[in-house]
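Written out below as structure tokens is the structure these notes cover.
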Amino acid sequence: MSSDSRIGPPAFGSERETLRAFLDYHRATLAMKCEGLTDEELRQRSMPPSTLSLLGLVRHLAEVERAWFRRVFEDHDAPMVWSDEIDFQAAYDASASTRAEAFTAWEAEVETSRRIERAAGSLDLAGYQPRWEEEVSLRMVMVHVLLEYGRHNGHADFLREGVDGTVGA
């Protein structure tokens, strides 16, 4: 990790501005944890029998973005990125993946999520979560995805340290 170019969330702001900023901060944190690593280093697994790797986290979070924004607010039947069924674990197998493949998919899903959020008139916008078979608000989706990033960025801390000893942020 060469430098920390993340923009921190504001100390004051509306609920929406705060949620948006924290989500973007966590997205930037994941990208930063992967900076400067080769495809092989990004595929390095944590420990047997786990398939967890930095590249697997990027792939998984592309699935999370798709499942919680695109599938809830635009296309309930949109296929997952790396599985024919709703299998979030499939994304963790990054053994044949590359930075280009994983980051292209993740960045595309992030942009779709941002577009959906920006177009929404309010955090009370209701969408349909097909896996739960119930409606959820944009607010709930943003908080849920933020929690996903927080948990997985904790994993990314340990994974990055295991790859090259880099710690921090």
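The values are calculated or read from the model by the stated rules, or taken from the named source; none is laboratory data. Please read all numbers here as calculations on a predicted model, not as lab measurements. FYI the Cβ positions are ideal-geometry reconstructions off the backbone, even for glycines, and counts take in every protein chain you see. The area values use the complete protein model at the heavy-atom level, side chains included, leaving out ligands, DNA and RNA. Shrake-Rupley method; radii C 1.70, N 1.55, O 1.52, S 1.80 Å.
Brief remarks on what is shown
- From R6, R43, residue being more than 21 Å from L147 (Cα to Cα), in contact (Cβ under 8 Å) with a residue 24 or more places away in the chain and among the basic types (K, R): R43
- Some residue of region 126-140 being part of a loop (DSSP other than H, G, I, E, B), at pLDDT 95 or above, surrounded by fewer than 16 Cβ atoms within 10 Å (Cβ to Cβ) and more than 11 Å from the chain's Cα centre (by Cα): no
- Qualifying positions in region 87-128 - touching a Lys or Arg at 6+ places or on another chain (Cβ under 7 Å) and among the polar types (S, T, N, Q): S95, S97, T112
- Filter result (at pLDDT 95 or above and either small (G, A, S) or part of a helix (DSSP H, G or I) (or both)) within region 37-55: D39, E40, E41, L42, R43, S53, L54, L55
- Checking region 67-76 against the condition returns no match, with no residue being touching an Asp or Glu at 6+ places or on another chain (Cβ under 6 Å), in contact (Cβ under 8 Å) with a residue 40 or more places away in the chain and within 17 Å of M142 (Cα to Cα).
- Positions within region 83-107 being open to solvent by less than 50 Å² (accessible area, probe 1.4 Å), part of a helix (DSSP H, G or I), of a type outside the set (F, W, Y) and in contact (Cβ under 8 Å) with a residue 40 or more places away in the chain, in sequence order: A102, A105
- E17 passes every criterion in (1) surrounded by 15 or more Cβ atoms within 10 Å (Cβ to Cβ); (2) part of a helix (DSSP H, G or I) apart from (1).
- Residues that are surrounded by 15 or more Cβ atoms within 10 Å (Cβ to Cβ), more than 15 Å from A31 (Cβ to Cβ) and more than 16 Å from the chain's Cα centre (by Cα) do not occur anywhere in region 151-159.
- Check on T112, out of contact with any Pro (no Cβ under 6 Å at 6 or more places or on another chain), under 26 Å from A126 (Cα atoms), of a type in the set (V, I, T) and not in a loop (DSSP other than H, G, I, E, B): yes
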